[in-house]
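What follows is calculated from the coordinates using simple rules that are stated; it is not laboratory data. Being a predicted model, the structure only gives us computed values, none of them experimental. Using ideal geometry, Cβ is built from the backbone for each residue, glycine included, and neighbour counts are taken over all protein chains shown.
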C-alpha cells in the first residue's frame, strides 16, 4: 500500500522562484511551470535518522566547537516543535541549523566579511525531535551582516533551519528570524515571501518562560511541514 | 460565517543561501565538527546491484555553473525498494548529499543503480533517482528526477516521463550512459531547461 499522500503545497504562500528584489533568483529560477505529480513512493517516503547518526552535543552550539572557552555573544535557547499541517507532532525527525557568529561572520571559506571568525564557534547544530516533536538548541544570537544585492543590504539576524519529516516531498529549508528586528521588513530575501502572515510565521517569539535566569534568553520557533491526507475512502484508480 | 478549519500553514521556504555547507556539509565549508557528516554514503557497504558513478553540472540561465548548489538524492535499492517500505540491505540509506567542486562546478557521486519502483496508481516507474536542489537564489528547493539513458524501454513506458507534454523536454531528465558512468546536467533556466516537479 502506498503511504498517504500529502496536502498540496501552497505555492502562493511560498516565495516564487523568480523574485526580482532578490537578484540571484533572477538567473536561477526556472521559467517553465513545475510539472505537478501525484505522490508515489518516490515522493512519499524519505530517509530516517536515529541517535546513532548524531551525538548529544551536536545541538549545543556553545559547546560543539569550543576550543578555549565559550563563544562570544548573547546566549540563547531556540526551541519549539515540528508539526504538520494537521497540527500533529513530527517525532524523531532531523533538524539541522546553521548561522553566522555574533559578529555576523560565517565559518565558511567563501565568507570574507570583515567581522572576525570566533575561534570557539562553528555555527552549526543538529538534533532529532523527541516523541512529541519537540527540539531545542543552545547557541549565541547571530549578528546582522551586509550582503551584495543592492549596495546597502543587510540580512536581519537569522538562523537557517533544515527539516526532513517522513516524506522526501516534505523536505524544507527555511530561516528563523528574531522578534523585534527592524531589518526583517527591509530584507529582499524575507520579502520574496508574498504574504505577511507567512513572514510572521518565520519570526521566533521571545519566550521568557523558557529562559534560564541569569544565563540564557530564549526564543520559541515552531516549524510546520506539509500534512498527510487521511484515506477514509480509497481514491478510485484512474480509468476504472 | 462558517466554522474554522484548524489546519496549520506549512512554514514558508527561504533560500539555503551560499553557506548551506556549514549546516549540511561542514567539511565543504572548510571545517570539521561532527563525528560523521550525514549523506556522504548513499548505499552503505552491503548494497547489491550495479555500482555506478553519476557526474554533471548545474547551470544557471546564463550557462554558468552553480557552484554553491547542494543536491540531495533519494533512491530505491537495486530491487526497487525504498528504505522504510520493505527490507533493504543493512546500512542502505538510499539518501545522500552531493556538492560540486567549488572551482569547476562539476559534481560526482557514487551509488547503485536503483530498480524499477511503483508509480502512482499501480503503474511501474522506470529506475530513477529523486533529486532536490537548494542554493543561493533558489527560494524553494527544486525537485527533479534522473532517469537512465540505457533504460530505453522502461523510460518509454514511464508515466512521469510521459506526462511531460513536450516530448523533447523529457530528455532533460535522462542521463547519458557510458558504461557504469552517467552524465546528468541540470539547467535551472534557459535552453534545455530541466523539467522540475511540484511533488
Selected from A:125, A:39, A:103 as most flexible by GNM, with chain A as the system and alpha-carbon contacts under 10 Å: A:39
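Quick one: which of A:162-172, B:61-71 comes out on top by average Cβ neighbours within 10 Å, and what's the full order, highest first?
Details: A:162-172: 23.7, B:61-71: 19.5.
Highest-to-lowest ranking by the protection proxy: A:162-172, B:61-71.
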Two-site label geometry, residue A:209 and residue B:4: point separation in nm, points 7 Å out along Cα→Cβ: 1.8
Mean separation of Cα contacts under 8 Å (6+ apart) over length of region A:24-225, as relative contact order %: 25
Value of [θ]222 nm, deg cm²/dmol, for chain B, DSSP H segments ≥ 4, -39500 (n - 2.57) each, nearest 500: -1000 deg cm²/dmol
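Which of rounded, prolate, oblate describes region A:1-106, given a ≥ b ≥ c as roots of the alpha-carbon gyration tensor eigenvalues and a/c under 1.5 marking rounded, otherwise prolate only if a/b is larger than b/c?
Oblate shape, in that a/c is at least 1.5 and b/c is the bigger or equal ratio.
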Shape of chain B, Cα gyration tensor, a/c cut at 1.5: rounded
Distance from region A:166-240 to region B:25-53 (C-alpha centre basis), Å: 29
Fraction of antiparallel bridges per DSSP, chain A only, in percent to nearest 5: 75
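Suppose R0 equals 45 Å; then what is the FRET efficiency for residue B:193 and residue A:70 from their Cβ-Cβ distance, rounded to the nearest 0.05?
That gives a FRET efficiency of 0.40.
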Highest-fluctuation residue, B:182, B:34, B:147 considered, GNM on chain B with Cα pairs under 10 Å: B:34
Simple label model, 7 Å out from Cα along Cβ direction - residue A:185 to residue A:10, nm: 2.3
Centroid-to-centroid separation of region A:57-78 and region B:129-144 [C-alpha atoms, Å]: 30
Average beta-carbon neighbours from other chains, 10 Å sphere, peptide A:141-151: 0
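Over region B:56-145, what is the relative contact order in percent, taking alpha-carbon pairs closer than 8 angstrom and at least six residues apart? Display every interim value, and only then the final one.
Working: 164 pairs, mean separation 28.1, N = 90.
The normalised contact order for region B:56-145 reaches 31 percent.
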Calculated FRET efficiency for the pair residue A:114/residue A:86, C-beta based, R₀ 45 Å, to 0.05: 0.45
222 nm mean residue ellipticity, helices alone, for chain A (DSSP H n ≥ 4; -39,500 (n - 2.57); rounded to 500): -1000 deg cm²/dmol
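How large is the convex hull of the Cα atoms of the protein assembly as shown per residue, expressed in Å³ as a whole number? Present the calculation step by step, with values, prior to reporting the outcome.
Working: hull volume 70.8 nm³, N = 439.
Enclosed volume per residue, from the Cα hull, is 161 Å³.
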Gaussian network model of chain B, springs between alpha carbon atoms under 10 Å - residue of B:96, B:56, B:179 with greatest fluctuation: B:179
Cβ-Cβ FRET estimate between residue A:31 and residue B:124, R0 fixed at 30 Å, reported to 0.05: 0.40
Shielding by partners, peptide A:164-175 (average Cβ within 10 angstrom, other chains): 6
Fraction of antiparallel bridges per DSSP, the protein assembly as shown only, in percent to nearest 5: 75
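State the antiparallel share, in %, of DSSP beta bridges confined to region B:37-134, rounding to the nearest 5.
Values: 19 of 20 bridges.
Percentage antiparallel, nearest 5: 95.
Please arrange A:40, A:25, A:216, A:68 by how many other C-beta atoms lie within 10 Å of their C-beta, fewest to most.
Details: A:40 25, A:25 22, A:216 16, A:68 6.
Listing A:40, A:25, A:216, A:68 from fewest to most nearby Cβ atoms yields A:68, A:216, A:25, A:40.
For peptide A:106-115, how many partner chain Cβ atoms fall within 10 Å of a residue's Cβ, on average?
Details: counts 6, 7, 12, 7, 9, 5, 0, 0, 0, 0.
Mean shielding count: 5.
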Cα shape, region A:24-225, gyration tensor, a/c 1.5 rule: oblate
